[in-house]
Amino acid sequence: MLTRDDRTVTDCLEVLESVRDLGITHIGFKDIGVDRDTLFRLHDALRGLGATTYLEVVSTGREQALASVRTAVELGVDRLMGGTWTEETLGLLHGTAIGYLPFVGRPVGHPTRLAGTPTDVAADCRRAEAAGCAGVDLLAYRATDAGPLDLVRAARAATSGRLVVAGSISGTGQIRDLAEAGADAFTIGSAAFAGSLRPDTGALTSQLEPVIAAAGAAERENLASAGRRPGPVSTGEKG
């Protein structure tokens with residue numbers, strides 16, 4: 001994600017230009033941090049790269065969150081993540097091709113933390129799937145009431161939709177663990193901007209290179225374990 005501390009970075013257009021040659025094909029941003037004009041320019045730039053686009057709603061108030069859903073429709077993003085007003089959001093997305101992945105569990109505050117047990121998360125996943133959501137957005141590594149991987153396993157067992165783990169992923173070991181637990185994808189942003197993935201380097205491209213390699217290795221391993229031949233490597237929802 002082109003985000004840090006749950007906000008789209010103000011120099012997102014410049015950042016995108018700096019990483020455009022890494023081959024990242026799934027790139028997202030938050031609904032807060034920059035103005036509408038910048039969001040539209042950013043989305044146009046992402047479309048120019050041929051990327052699958054994501055907007056994650058982290059606004060804590062209902063009206064602001066639903067306004068962000070309307071912005072997502074205007075932008076024409078591929079996938080909308082986050083938010084908890086599922087029924088109203090799906091109503092606003094009706095007739096569009098946007099896939100919706102709501103938060104599961106009980107997101108609190110901003111930057112968002114996640115309350116709720118594996119049982120709570122599983123119940124939310126089942127409700128989201130029954131409502132017609134494309135998947136779920138799970139803040140596993142921001143959990144306050146359970147272990148991250150316990151939440152991922154519970155979510156995986158409860159939904160056949162796309163399971164994306166977002167927030168506070170700071171190392172390639174977590175990427176491997178998430179793949180083994182059943183996550184389909186993950187987001188990463190703050191750790192790359194903070195330089196914590198490779199403390200010995202400073203460039204953002206150097207931070208993202210091991211993430212891309214870890215995502216590709218996890219996908220190849222999952223395909224092999226399923227008895228399928230690896231295809232083109234997807235780098236996951238990150239950037």
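Overview of results
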item: Extension reserve of the GLU209-THR96 stretch, reckoned as 0.36 nm per residue once the Cα distance is removed; result: 37.3 nm
item: Inter-label distance, nm, simple model (7 Å from Cα along the C-beta direction), ASP5/ALA194; result: 1.1
item: Simple spin-label estimate for ALA157 and THR119 in nanometres, 7 Å along Cα-Cβ; result: 1.2
item: Given charges at Cβ of Lys, Arg, Asp, Glu: the chain dipole, positive-most of THR86, LEU204, LEU151; result: LEU151
item: Check: the range 146-220 dipole with +1 on Lys, Arg Cβ and -1 on Asp, Glu Cβ, in debye; result: 120
item: Dipole of the range 1-94, positive end: most advanced residue of LEU75, LEU16, GLN64 [Cβ charges, Cα centre]; result: LEU75
item: Extended-chain gain in nm, criterion 0.36 nm per residue less alpha-carbon gap, GLN64 and ALA130; result: 21.2 nm
item: Answer label for Cα extents along the principal axes in Å (calculated), chosen among (i) 48, 37, 34; (ii) 51, 40, 39; (iii) 44, 42, 33; result: (iii)
item: Calculated from backbone phi, Karplus (6.51, -1.76, 1.60) coupling profile of the range 48-60 in Hz, x at Gly/Pro; result: x, 7, x, 7, 6, 10, 9, 10, 9, 8, 10, 4, 8
item: Kirkwood Rh, Cα atoms: Rg over Rh of the range 114-198; result: 0.98
item: Given charges at beta-carbon only (K, R positive; D, E negative), |dipole| of the chain in Debye; result: 400
item: Apportionment of accessible area to carbon and sulfur, the chain, percent (1.4 Å); result: 48
item: Whole-number accessible area per residue in Å² for the range 6-97, which is evaluated in the context of all protein chains at 1.4 Å; result: 46
item: The range 1-145, relative contact order in percent, only Cα pairs under 8 angstrom and at least six apart counted; result: 18
item: 5 angstrom amide H check on ARG4, placed H, neighbours 5+ away; result: VAL9
item: Cβ crowding within 10 Å averaged over residues, with 3-14, 150-161, 39-50 ranked highest first; result: 150-161, 3-14, 39-50
item: Point-charge dipole on Cβ atoms (K/R +1, D/E -1) for the range 34-162, about Cα centre, debye to 20; result: 240
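The values are calculated or read from the model by the stated rules, or taken from the named source; none is laboratory data. Every value quoted in this text rests on a predicted model; they were computed, and no experiment measured them. Quick reminder, even Gly has a Cβ in these numbers, built from the backbone with ideal geometry, and neighbours come from all protein chains shown. SASA here: full protein model, heavy atoms, side chains in, ligands and nucleic acids out. Shrake-Rupley method; radii C 1.70, N 1.55, O 1.52, S 1.80 Å.
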